Amino acid sequence: KNNNDIIGSVLKSLPKKADFTVLLTANRPSKVSVELPSHDSLSSGRHLLADLDDVDATSVTFINATTDSSCALYLYATGVTFVANDDPEKTVNLTAVDPNSQSLSCGNGTVVLNVKYNNVAGDKGTLKTLDMDMLFLVTKRRWALGNISVKYDYDYQGDPPETVRGSDVMSAKFMASPRKMSYHCDLPKFKVKSLDKDNKTRGIVTFTGFQIQPVDIVTGSFSEANECVGFFTAPIWMGLFTTIILTLILALAITMIMSLKTMDRFDDPKGKTITVNTAE
């Protein structure tokens, strides 16, 4: 769409009856529109980002940490936010903010990404420093995120002013994928543990629209995404719940039918009539 808009604006600037020739002088366009995936495509797998040019750096976070062909990591998120002490007012939006430094190290079955932010302004404070280390454990068959270590120094300028400084470890609930596949989750969940002795501070980095791949990156794009959706999805739980209710109703009906008893004595038309004496 952006390319068509550019071509259209150029054509409008030319005289209506002018003859012109168009020459393509690039191997690929400078911008490619992002085609967001739909939920209908989950069953067949998907490549959420087809190429690096799909990334609009002004609205998302994309980190390309490449040391060499055997050590490369891609991280993509539609939203990145730092929150101090679980307070919505102590929030800094890191989306589309370029890190001051980033580094990647690979070896001995691990991949470590280090990202540093300095002096990022928020609505009511400034994130002076944020040092984040993401540790990945890699085997022959799969890779997994071990934990995310964060060191932060946040200056809250509200009422009253406060400085939040500490170190925390964020452990992923379950973030793993087979080799040659990326991992995608709209709202990844982390368990936070403070490393401070007083345990009075808490800093967490939240992600939305999160996709990452720390190994086996080829052709400059994410591999097929392994989704974070568990086996027991909402439709499956609804089906199981309905089946259990119907099964209980059927079992109750069978029990009631089995409790029915027939009469053990009947009238014989050739014999004496059965009489039942009742007292007045």
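Computed from the coordinates by the stated procedures, all read-outs in this text should not be read as laboratory data. Keep in mind it's a predicted model, so treat the numbers as computed, not measured. Because the Cβ atoms are built from the backbone with ideal geometry, glycine has one as well, and the counts that use them run over all protein chains shown.
Below, the figures for the structure above:
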read-out	value
Approximate spin-label separation Thr163-Met258, in nm, with each point projected 7 Å along Cα-to-Cβ	7.4 nm
Listed peptides 83-93, 250-260, 146-156 by packing density, highest first (mean Cβ within 10 Å)	146-156, 83-93, 250-260
Separation of the Lys200 and Arg142 label points, Cα + 7 Å toward Cβ, nm	4.2 nm
Cleavage-rule hits (chymotrypsin sites (Phe, Trp or Tyr not before Pro)) in region 57-119: DSSP loop, at most 15 neighbouring Cβ within 10 angstrom	none
Gain upon complete extension [Ala234, Thr219; 0.36 nm per residue less C-alpha separation]	1.8 nm
FRET efficiency, Lys116 to Leu246 (Cβ-Cβ, R0 45 Å, nearest 0.05)	0.20
